[in-house]
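This report concerns only the one structure given below.
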Amino acid sequence: MTVAAPIEIDEFLSWMASERGRSANTLAAYRRDLDGYAVWLATERSSLRGVGRADLDRFVQARRAGGAAPSSVARQLAAIRMLHRFLMEEGVRPDDPTADVEGVRVPAGIPHPLSEAEVEQLLDAVTGTDPVALRDRALLELLYATGARISEACGLSLDDLDRDNRLVRVFGKGAKERIVPFGRTALAAMDDWRAHGRPALEPARWARRGDQEAVFLNTRGARLSRQAGWAVVRKYGELTGLADRLSPHVLRHSCATHLLDHGADLRIVQEMLGHASISTTQVYTKVSQERLWQVYRQAHPRAERR
């Protein structure tokens with residue numbers, strides 16, 4: 001069923017972009033969730049101005065009965081809450097019908113990082129000295145070295161890199177800025193790319209200024225997109241037999257887990273990853289404990305004896 005998005009949704013998304021600085025990817029996700037909500041309202045012959053708490057309870061129940069994952073329902077409900085709070089603050093309606101709607105419990109997931117040996121295997125799979133290989137090696141090394149999201153890495157500009165101090169300025173969710181260090185191996189890969197790879201992909205004439213400033217370019221001389229960055233990670237995952245476990249976010253998980261394995265302070269890792277809450281980072285300590293128990297059970301002769 002195709003339903004035109006209510007004007008209130010368009011106004012809310014414009015406000016999220018201008019006042020909250022939400023990224024295009026985040027806004028697109030909000031759009032999908034809220035368009036789905038608008039379709040449901042239309043089938044129920046209701047509207048944003050008339051929907052009540054009982055209706056919203058039925059919406060959540062219908063989504064779950066339809067087989068939607070708890071995480072998907074929770075994410076959509078979060079977008080709906082923000083929309084109705086916005087409508088109340090703007091005086092579109094006098095109340096927020098989501099205020100007393102019970103939240104959706106999402107089972108706590110544990111990240112599944114690569115082992116250090118698997119990361120080495122992945123990075124060693126990038127061979128060759130052609131421009132694309134140099135770019136791919138630099139991208140993978142930087143993702144693992146910094147724990148950056150793929151969108152953050154692809155969004156980097158040349159001025160964001162401080163090679164003398166081995167620091168990179170990253171703009172995360174909500175355009176929040178953070179400074180992240182990176183190691184000598186990543187620096188060497190970045191230097192090779194910038195000196196011998198990037199110039200070969202630079203066009204005779206730049207299509208956009210943002211492309212000229214981009215750290216990572218595609219073969220047409222434009223800024224490497226998030227989707228193209230994803231494809232780079234997937235390519236080497238397939239080469240190394242890690243495709244079913246590998247994504248850019250898994251490299252982020254691996255960076256965080258390996259830092260904690262080697263004694264990094266939890267607060268430092270939180271700052272490095274750009275987590276707003278320490279509880280988000282604490283999940284990686286559980287990963288390390290799980291790995292510790294796995295090794296113990298395999299190695300200690302009396303671990304499983306009763």
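The values are calculated or read from the model by the stated rules, or taken from the named source; none is laboratory data. Not measured: the values here are computed from a predicted model. Note that each Cβ is placed from the backbone with ideal geometry, even for glycine, and that neighbours are counted across all protein chains shown. Keep in mind that these areas ignore ligands, DNA and RNA; they rest on the heavy atoms of the full protein, side chains included. Shrake-Rupley method; radii C 1.70, N 1.55, O 1.52, S 1.80 Å.
Report, to the nearest 10°, how far helix 248-261 tilts away from the longest principal axis of the Cα atoms in the chain, using its own Cα long axis and a range of 0 to 90°.
70
So what's the net charge close to residue 73: Lys and Arg +1, Asp and Glu -1, counting the other residues with Cβ under 9 Å from its Cβ?
Around residue 73, the charge tally is +3.
Tell me, what is the 1.4 Å probe accessible area of residue 190, in Å² to the nearest 10?
10
Tell me what the chain gives for mean residue ellipticity at 222 nm when only DSSP H runs of n ≥ 4 count, each as -39,500 (n - 2.57), the sum divided by the residue total, rounded to 500 deg cm²/dmol.
-17500 deg cm²/dmol
What is the sum of charges around residue 123, taking Lys and Arg as +1, Asp and Glu as -1, for the other residues whose C-beta is under 9 Å from the C-beta of residue 123?
With Lys, Arg at +1 and Asp, Glu at -1, the net is -2.
Which whole-percent values make up P(r) of region 57-168 when all C-alpha to C-alpha distances are grouped in 5 Å steps starting at zero?
Reading the bins upward from 0: 2, 9, 12, 12, 11, 9, 9, 11, 11, 8, 5, 2, 0.
In whole Hz and in residue order, list the ³J(HN,Hα) couplings for region 215-228 that follow from phi through the Karplus curve 6.51 cos²θ - 1.76 cosθ + 1.60, θ = phi - 60°; x for Gly and Pro.
6, 9, 10, 8, 6, 9, x, 10, 4, 5, 7, 4, 5, 5
In whole Hz, what ³J(HN,Hα) sequence does region 8-14 give by Karplus (6.51, -1.76, 1.60; θ = phi - 60°), x for Gly and Pro?
Couplings: 4, 5, 4, 5, 5, 5, 5 Hz.
Among 250, 268, 70, whose Cα lies farthest out toward the positive end of the dipole of the chain, if unit charges sit on the beta carbon of Lys, Arg (+1) and Asp, Glu (-1)?
Farthest along the dipole direction, towards plus: 70.
Would you pull out the residues with amide H under 5 Å of residue 264's amide H, same chain only if 5 or more places away, H placed 1.01 Å from N?
Hits under the 5 Å cutoff: none.
I need the semi-axes of the equivalent ellipsoid of the chain: take the C-alpha gyration tensor, multiply each eigenvalue by 5, square-root it, list largest first in whole angstrom.
Value: 39, 29, 17 Å, ordered largest first.
Starting from the 7 Å offset along Cα-to-Cβ, what nm value, one decimal, do you get for the label separation of residue 277 and residue 207?
Result for the modelled spin labels: 4.0 nm.
Could you state the accessible area per residue of region 1-66 in Å², with a 1.4 Å probe and every protein chain left in place?
For region 1-66, the solvent-accessible area averages 58 Å² per residue.
Calculate what fraction, in whole %, of the accessible area of the chain sits on carbon and sulfur atoms when a 1.4 Å probe is rolled over the protein chains.
Answer for the chain is 49 percent, counting heavy atoms of protein chains only.
Excluding residue 275 itself, calculate the net charge of residues whose Cβ lies under 14 Å from the Cβ of residue 275, where each Lys or Arg counts +1 and each Asp or Glu counts -1.
Local charge sum for residue 275: +3.
Search the structure for amide H atoms under 5 Å from the amide H of residue 92, placed 1.01 Å from N in the peptide plane, and list their residues when 5 or more places away or on another chain.
none
Short version: what are the Cα gyration tensor semi-axes of region 1-65, square root of 5 times each eigenvalue, largest first, in whole Å?
In descending order the semi-axes read 23, 13, 11 Å.
Taking the Cα centre of each part, how many Å lie between region 73-135 and region 215-270?
After rounding, the separation between the Cα centres reads 16 Å.
Where nothing but the Cβ of Lys and Arg (+1) and of Asp and Glu (-1) is charged, how large is the charge dipole of region 146-276 around its Cα centre, in debye to the nearest 20?
420
So, taking all protein chains as they sit and a 1.4 Å probe, how much accessible area belongs to residue 137, in Å² rounded to tens?
Only protein atoms counted, so the area is about 60 Å².
If I ignore ligands, DNA and RNA and count only protein heavy atoms, how much of residue 206 is accessible to a 1.4 Å probe, in Å² to the nearest 10?
60
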